[in-house]
Amino acid sequence: AGEPIQYIAGHAWFYGNKLKVSPAVLIPRPETEELVHWVLEDLKTSDIKEISILDIGTGSGCIPVILKKQLGNRIRIVGIDISPEALSIARENASLYGVNIEFIEKDFLKQGTNGLGKFDVIISNPPYISKSLAGEEIINDLKYEPSTALYPDQDDPDIFYKKIAELTKDSFHRNSICYLEMNEFRADEIRTYFIDSGWSDVKTRKDLQGKERMLKA
């Protein structure tokens, strides 16, 4: 019937690790593995002894779980999500691997990063599919996955990128870095949001399929 095998099995593989999934969370994608790999490339050679990381829209917790497993006590990591059901899965995955991650229920579009403190690194694989642009075939293919993880508010595919780009210095330490997975068809627009908001060294990277899928600023 088209139901993803990961939901039937109750787990998915991500960065070589078996994680619990349910229809409350997006199934982790290979492109997100590539984003995590980019972050690890940078942070493993960083001189910062204690790194604070925020994952916006953490879902299954796949990003923070892998980062914490790889980097250990060097990092403090917070994952936020609007869905309490998703956060429950994320906490189970953190418990499964014995990693200490703080998961917080938060509506990022309405509340931003208020009350969370400052971070050295912000990561996000946000909702970026516009229902009006995607078409029925794509929507049907994704019908089993949670709409809040796929389709952004107000049908604006860039709303999360705009909000992240506009975050104030209250959210960051000096020389903080932002890593994003993005809609490959809107790479130019997303890059512009960050340049116009005063970010420097804005660059994108193609995934293994040759699609411009990741941004670092």
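The values are calculated or read from the model by the stated rules, or taken from the named source; none is laboratory data. Because the structure is a prediction, the values reported are computed rather than measured. Methodologically, a virtual Cβ is constructed for each residue, glycine included, from the backbone with ideal geometry; neighbour enumeration extends over all protein chains shown. For the accessible areas, the whole protein counts, side chains as well, though only heavy atoms, and no ligand, DNA or RNA atoms are used. Shrake-Rupley method; radii C 1.70, N 1.55, O 1.52, S 1.80 Å.
General remarks:
- Charges were assigned to the Cβ only: +1 to each Lys and Arg, -1 to each Asp and Glu. The resulting dipole of the chain about its Cα centre is roughly 780 debye.
- Measuring nothing but how far apart in sequence close Cα pairs (under 8 Å, 6+ apart) lie, relative to its length, the chain scores a relative contact order of 18 percent.
- With every protein chain in place, the chain: carbon and sulfur % of accessible area (1.4 Å): 48 percent
- Ranked by solvent-accessible area (1.4 Å probe, protein heavy atoms only, all chains present), the residues H11, H173 order from largest to smallest as H173, H11.
- When the surface is traced with a 1.4 Å probe over the full set of protein chains, T113 keeps roughly 10 Å² accessible.
- Links that overshoot a 26 Å alpha carbon limit, given the list K18/K110; K169/K206; K162/K211; K18/K68; K20/K163: K18/K110; K169/K206; K20/K163
- Estimated purely from DSSP H runs of n ≥ 4, each contributing -39500 (n - 2.57), the mean residue ellipticity at 222 nm for the chain is -9500 deg cm²/dmol once divided by its residues.
- With the simple model of a label 7 Å out from the Cα in the direction of the Cβ, S200 to E50 spans 2.6 nm.
- Label-reachable residues, segment 9-39, where backbone N falls under 16 Å from a point 7 Å from E92's Cα toward its Cβ: 9-14, 18-28
- Using the 1.4 Å probe convention, the accessible area of segment 4-122 works out to 44 Å² per residue with neighbouring protein chains retained.
- Sequence-distant residues sharing a close amide H with I104 (under 5 Å, placed H): G79, I80, D81
- Inter-centroid distance (Cα atoms) of segment 189-203 relative to segment 1-80, Å: 25 Å
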